[in-house]
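A.B. asks: Sending over a structure as structure tokens; questions will come in a sec.
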Amino acid sequence: MMQITQRELDVLNFYRASELHGGLCLGQVAQRARGSELLLELTRHSAEEVMHAQLWTETILAVGGDVRPVRDTYQARYAAVLGPPATLLQVLALTQVFERRVYRHFTEHLRRPGTHPVVCATLRRMLDEEKGHLAWVRRWLDRQKSVRGAGEVEATMRHYAAVDA
């Protein structure tokens, strides 16, 4: 049986905590949002993020690790630099930037030699589902260009991308 390092278990717990945090945050946004299509997408996205936290929990247990609380999440790192996003545009622009980072990071993790096969299977599933998150948020942001103006949307995206970099 392939062993997993404590360092990788720490990473998996970070993923788990970040997915849960993201799902709960998007759920709060969905409680205040208006518009049936937006509510559907936010609710679906929120539910999938919470499900991802469950999948990481199951993965950690399957490789013989312990699930532990983690306060340091992707979202906490962004908030420490930016403060919390104040508008729906800011939330979804930051979500798009963040989801792109997650996609790149999960892809790199999947390609790492020696990654446990159970972890690889979870990463593959996550990558497939992250594509859907990126697509719906991109569509929403593109529609906002005609509502708010391309300049505002693009400036918001550039701001969050710069902070992310």
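A.B. asks: Using the alpha-carbon centroid of each, what span in Å lies between segment 1-32 and segment 68-124?
C.D. replies: 8 Å
A.B. asks: Which whole DSSP H helices in the chain pass both tests: a Cα extent of 18 Å or more along the axis and a mean Kyte-Doolittle value no lower than -1.0?
C.D. replies: On the way: long enough: 6-32 (40 Å, -0.30); 36-62 (38 Å, 0.09); 88-111 (34 Å, -0.09); 117-148 (45 Å, -0.65); 150-164 (21 Å, -0.21).
Length and hydropathy pass: 6-32, 36-62, 88-111, 117-148, 150-164.
A.B. asks: Something else: Can you pull the accessible area of THR107 for me, 1.4 Å probe, Å² to the nearest 10?
C.D. replies: In the full protein context, THR107 sits at about 30 Å².
A.B. asks: Something else: When the solvent-accessible surface of protein heavy atoms is calculated with a 1.4 angstrom probe, in what order do MET157, MET126, MET51 fall, highest first? Intermediate values should be presented prior to the final figure.
C.D. replies: Numbers: MET157 20, MET126 0, MET51 75 Å².
Ranked from most to least accessible, the order is MET51, MET157, MET126.
A.B. asks: Quick one: pull the percent of accessible area on segment 1-141 belonging to carbon and sulfur, 1.4 Å probe, ligands and nucleic acids left out. Provide the component values of the computation, followed by the final result.
C.D. replies: Values: 4150 of 7370 Å².
Looking at segment 1-141 in its full context, I get 56 percent from C and S.
A.B. asks: When a/c is below 1.5 the answer is rounded, else prolate if a/b is larger than b/c, else oblate, so apply that to segment 20-99 with a ≥ b ≥ c taken from the square roots of the Cα gyration tensor eigenvalues. It would help to have the intermediate numbers written out before the result.
C.D. replies: On the way: a/c = 2.89, a/b = 1.51, b/c = 1.92.
In terms of gyration-tensor shape, oblate.
A.B. asks: Now, a different point. Any idea of the accessible area per residue across the chain, 1.4 Å probe, to the nearest Å²?
C.D. replies: Values: 8860 Å² over 165 residues.
Spelled out: the 1.4 Å probe surface of the chain, per residue, equals 54 Å².
A.B. asks: Report the percentage of all Cα-Cα pairs in segment 60-165 whose separation exceeds 19 Å, rounded to a whole percent.
C.D. replies: Percentage above 19 Å: 55.
A.B. asks: Which one, LEU89, VAL29, HIS52, is farthest towards the positive end of the dipole of segment 1-120 when Lys and Arg carry +1 and Asp and Glu -1 on their Cβ?
C.D. replies: With unit charges placed on the Cβ atoms, the residue in question is LEU89.
The values are calculated or read from the model by the stated rules, or taken from the named source; none is laboratory data. Because the structure is a prediction, the values reported are computed rather than measured. Virtual Cβ from ideal backbone geometry, glycine too; neighbours counted across all protein chains shown. Just the protein is used for accessible areas: all its heavy atoms, side chains included, with ligands, DNA and RNA removed. Shrake-Rupley method; radii C 1.70, N 1.55, O 1.52, S 1.80 Å.
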